[in-house]
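Data block below; observations after.
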Amino acid sequence: ATDRQEFTFQAEIKQLLHLLSHSLYQSKEIAVRELVSNASDALDKMRYIALTDESRRDSGTLEITIDPRESEKTLVIRDNGIGMTHDELVTNLGTIAHSGSGEFLKNLASQAKAQGEGQGGSGKPDLSLIGQFGVGFYSAFMIADKVVVRTRSYKEEAGWEWESEGLGSFAVSPAEGSVPRGTEIVLHLKDDTKDLATPARIREIIRRYSSFVPHPIRLASGEVLNDQKPIWVEPKSQVTEEQYAKFYQHLTHHADEKPLWHVHLAADSPIQFRAVLFSPPTNLERFGFARLEHGLSLCAKRILVQSDCRELLPEYLRFVVGLVDSEDLPLNVSRETLQDNSVIRRIRTSLLKGVFDRLDRLAEEQPEEFQKFSAQFGIMLKEGAITDPANRERLAKLLRFGSSNSEDPEARVSLDEYIKRMPEDQKRIYYLGGPDPGAIRKSPNLEIFRRKGLEVLYLTEPVDEFVMNALGAYGGKTLTSIDSDDLELPESAKDKVETPEAEGAEKDAEGGFSRVLDLFREAIGPRVREVRKSERLTDSPCCLVNADGGFSVQMQRLMKMTNK
Ligand code: ADP
Ligand code: MG
C-alpha cells in the first residue's frame, strides 16, 4: 500500500527483541499471558469509558477471543477493547514508556552476558518478570517471527495495521476493509512454538496464567476458558490458599512465585470495601532494580479505576501488592481527586491497620516466616519508622536488629525481646553501629558490656541509626549509642570478671593515671573535649566517646558520606 510507513524501534527495544528472539527461556507461554493481559487492560479501559461517558454506553459484551489455527501455524488474540489510534500504535508498540524498564533491561542484558560466558550462578535471564516492566507486548517475539496487529480505536472510524518481524523496525499502514473496534494480534509462530496453535495448549495456558482475568476468554469455538469470579468479594473461608497464590500471580505477572503472606480485609460500615493484599517474597529494590511502583489496584464496584494506586498506603509500604474494591467510590474518581477523597482516606486507615495487624500476627505465630519477611522488607518498615511519626510506635514493634545476644551474625531481635531480657534496673537500650557485625564486635566500647553481660544491639544497616534517632526511646527506655559518654549503666549488672588480682592491679595503677591523662591532654590538645580515665575498657588501652547529644561515630561517618 502507498501509505505504509516504516519506523525503527527505540534502541532499548532492539536489544530486548534480540534477547527475546534468542532466548532459551522455557516458559514461552508467558507471551500468551502478556498479550491476554494487554487485551484485558484494553477491555477494562473500555468498560470504564462505557460507564462514565454517556455517548459510549452501548459498547457490547467485552471479551477476549483466542483463535489457534494449527494448519496456518498462527495464533490470533482478539479483544473489543479501546483499540489504538495511529499515533498510539507508534508510541505504545515502538517505545518504552514505563520508568524502571531501563534497569530491567540492563539487568537482563548482564544476566545474558554472564550466561554466555558460562558464569552467573542464577543461570538463564529471568524473563518471567517482563510484564512487570511495561514491555510485555514484545514477548510476542519469543514465540513468533512475525506479528501483525490490526486495531481500531473507539475514537475513530478507520483502523490501522502494525507489522514487524521483530528485528530493527516495524511498519504501520491503514487497515483494509472495515475493522471492528479493538485489537487483533496475529502471531506467526516459530517452528518450536507451533504447538501453541492448538486449543488444548491454549486451554492449559489460560487455566495456568489467566484464570483471574475479569473478562471472558473464549476459544473461537465459543468455549469460555476462565472463571472470572473475583475472589475478594468471596468470604475468606471460601477462598483456598491456592486461589490466593493464583490471584497473586495474576496481579504480578509472575507465575512461579508464591506470596510471603496475604491478608483479606472486609468492612461494611462506615465505608464498604473489600481488599486482598500480598507481600512478595523478595524485595527487588535490594537487587538494584529501580524504586518499586505502588502495587495496589483500586476498583469501584468491581470496575478497575486505577492501577498502581499511590493513595491507598503510605510510600514505605509500596511493596504491598493487591486489590481494593469499594461500593462507596464513584467511578469517576480521578487521579487528582483521589488524594482529597474522604472514602479513600478512611480505606487507607483500615488497610494500614490491616497490614500492621497481619505483621504482628505473622511475627507471633510464624516467627521464621516473619524473619524472611523482615530480611527483605524490614528496611522499608525502618523507612516508615523515620518518615511516619503517627505510626512510629506500631512500626517500632516490628523492627529487627542484630544483637550481641547471638553468635549468629544473621540473627535478629526485636526491641521487646531486648527489654524482656535486660536487668530490671536497666534504663536504656544500648546499641552500636558499624559496617558489619565483625567490625562492631572489635569495638573497645563493647568491653564493659561484655564484662557486665549486657546486651547491645548491632546496627549494621545504614538506616538503623537514623531509626534510633527518630525513635529516641522505646517502651520508656532511652535508645543509647554505646559510644556516647553518658551510659547510665544499671547498678545491678554483675561485673563478670571481677577477680582479686584485677582489683589489686587497679589500685597499683591509680597513682600513675593522672600523669598519663596529662600527657594525653598535652598531645591531643583541643581536638577532644576531655580525656578521662575509663571504667569501660578491659583489653583496649583507650576509646573515643561522644559528648552528650553528639552524633555517634557511625552516624558521623554516614553524614560525611552523604555530604560529600
Ligand atoms: P504494559 O501493558 O505494561 O503497558 P505492554 O508492552 O504489554 O506494556 O504494552 C504496551 C502498551 O501497548 C500498553 O500500555 C497499551 O497502551 C498498548 N497495548 C498493547 N496491547 C493492547 C491492546 N490489546 N489494546 C489496546 N492497547 C494495547
Ligand atoms: Mg502489558
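Every number here is computed from the coordinates shown, using simple stated rules; none is lab data. None of these values were measured; they are calculated from a predicted model. Ideal geometry is used to build each Cβ from the backbone, glycine not excepted, and the neighbour counts take in all protein chains shown.
Only counting other Cβ atoms within 10 Å, I'd like MET380, MET84, MET422 sorted with the fewest neighbours first. Show your work: numbers first, answer last.
Details: MET380 22, MET84 25, MET422 18.
With the sparsest Cβ surroundings first, the list reads MET422, MET380, MET84.
Expressed as an acute angle from 0 to 90° and rounded to the nearest 10, what is the orientation of the C-alpha long axis of helix 11-21 relative to the principal long axis of the chain?
Approximately 80 degrees, to the nearest 10.
Find the Cα radius of gyration of region 279-357, compare it with 2.2 N^0.38 Å by division, and give the number to two decimals.
Scaled against compact globular proteins, the figure is 1.12.
Order of 250-261, 5-16 by packing, highest average Cβ count within 10 Å first? Don't jump to the answer; show the numbers that get you there.
On the way: 250-261: 17.5, 5-16: 15.7.
Sorting 250-261, 5-16 by mean packing, highest first, produces 250-261, 5-16.
Can you give me the angle between helix 553-563 and the longest principal axis of the chain, using Cα atoms only, in degrees from 0 to 90, rounded to the nearest 10?
Helix 553-563 and the main axis of the chain meet at about 40 degrees.
Among TYR458, TYR48, TYR418, rank each residue by its count of other Cβ atoms within 10 Å, from fewest to most, as a rough exposure measure.
Details: TYR458 27, TYR48 18, TYR418 22.
Arranged by neighbour count, lowest to highest, TYR458, TYR48, TYR418 become TYR48, TYR418, TYR458.
Projected area of the chain, taken from the Cα convex hull and averaged over every viewing direction, in nm²?
Working: hull surface 135.3 nm².
Mean projected area of the Cα convex hull: 33.8 nm².
Ordered by packing density, taken as the mean number of other Cβ atoms within 10 Å over each peptide's residues, highest first, how do 129-141, 218-230, 310-322 rank? Don't skip to the end; give the middle numbers.
Values: 129-141: 22.2, 218-230: 13.7, 310-322: 20.4.
With the highest mean Cβ count within 10 Å placed first, the list reads 129-141, 310-322, 218-230.
What Kirkwood Rh does region 318-400 have if only Cα atoms enter the pairwise 1/r average? Answer in Å. Don't skip to the answer; put the middle values down first.
Working: mean 1/r = 0.0691 Å⁻¹.
That comes to 14.5 Å for region 318-400.
Sorted by packing (mean other beta-carbon atoms within 10 Å per residue), highest first, where do 385-396, 283-294 land?
385-396, 283-294
Let me spell out the model: positive unit charges on the Cβ of Lys and Arg, negative unit charges on the Cβ of Asp and Glu, origin at the Cα centre of the chain. What dipole size does that give, in debye rounded to 20? All intermediate terms of the calculation are to be shown ahead of the outcome.
Working: 74 positive and 90 negative charges, 49 e Å.
So the magnitude is around 240 debye.
Taking a ≥ b ≥ c as the square roots of the eigenvalues of the Cα gyration tensor of region 408-470, is the shape rounded (a/c under 1.5), prolate (a/b larger than b/c) or oblate?
Taking the square roots of the gyration eigenvalues as a ≥ b ≥ c, region 408-470 is oblate.
Take every Cα-Cα distance within region 276-322, group them into 5 Å bins from 0 onward, and report for each bin the whole-number percent of pairs it holds.
Histogram of Cα-Cα distances, whole percents per bin: 5, 22, 29, 23, 13, 5, 3, 0.
Work out the charge dipole of the chain with +1 on the Cβ of Lys and Arg and -1 on the Cβ of Asp and Glu about the Cα centre, then indicate which of LEU312, VAL276, PHE247 is farthest towards its positive end.
Of LEU312, VAL276, PHE247, it is LEU312.
How much mean residue ellipticity at 222 nm does the chain get from its helices, if each DSSP H run of length 4 or more adds -39500 (n - 2.57) and you divide by all residues, to the nearest 500 deg cm²/dmol?
Calculated from helices alone, the mean residue ellipticity at 222 nm is -11000 deg cm²/dmol.
Going by how many other Cβ atoms sit within 10 Å of their own, how do TYR244, TYR431 line up, fewest first? Can you show the working numbers first?
Working: TYR244 19, TYR431 27.
Starting with the residue having the fewest Cβ neighbours, the order is TYR244, TYR431.
Relative to the longest principal axis of the chain, what angle (0 to 90°, nearest 10) does the C-alpha long axis of helix 30-52 take?
80
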